[in-house]
1. Would you mind finding the one in Leu64, Leu91, Leu16, Leu5 that is touching a Ser or Thr at 6+ places or on another chain (Cβ under 8 Å) and either part of a helix (DSSP H, G or I) or modelled with pLDDT of 95 or more (or both)?
2. Look at the range 61-78 and say how many of its residues are without any contact (Cβ under 8 Å) to a residue 24 or more places away in the chain and either of a type in the set (A, V, I, L, M, F, W, C) or outside the structural domain of Thr50 (by TED's automatic domain parsing) (or both).
3. Please specify each residue of the range 45-60 satisfying the condition of being assigned to a loop (DSSP other than H, G, I, E, B) and in contact (Cβ under 8 Å) with a residue 12 or more places away in the chain.
Amino acid sequence: MMPFLYLAIRRGFGTLMQTATHYSTDVRQAATTAASFPPLEAVNRPAVDTAAAAHYLNRRPQTLRAWACLENGPIRPMRVHGRLAWPVAELRRVLGVAA
C-alpha cells in the first residue's frame, strides 16, 4: 500500500479536507469583500482599472474582459502596457452620470 494512502486512511480524510475547506473559505471571503470605490461623480482620473469599472457597471470583471477581447461591449477600453483602462467619460455616458 502506498504510504500516502495508508496515512490518509489511518488519519482519516477529514484532516486533508479541512485544509482545503479553510483555504476556500478564505478565498471566498476575499472575493466577496467589496473594495471601496469612490462615487463615479468624484473620480477625476481619465480612466479606471477593470475592477473599478466592473463595480460602477454592476458587472463581474470577467465580463468586462470579455467585452475587451471580443470588442462587443458598450465601452471599449484602452490598453496601457498590456492592461485595460476604462475611460471614465465613457462610463459616465453609458450610466447617464453627469460629469
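1. Numbers: Leu91 fails: touching a Ser or Thr at 6+ places or on another chain (Cβ under 8 Å); Leu16 fails: touching a Ser or Thr at 6+ places or on another chain (Cβ under 8 Å); Leu5 fails: touching a Ser or Thr at 6+ places or on another chain (Cβ under 8 Å).
Answer to the check: Leu64.
2. Here the count works out to 7.
3. Initially, the range 45-60 is screened for residues assigned to a loop (DSSP other than H, G, I, E, B), giving 45-46, 49, 58-60.
Correct list: Arg45, Pro46, Asp49.
The values are calculated or read from the model by the stated rules, or taken from the named source; none is laboratory data. These numbers come from a predicted model, not from an experiment. Quick reminder, even Gly has a Cβ in these numbers, built from the backbone with ideal geometry, and neighbours come from all protein chains shown.
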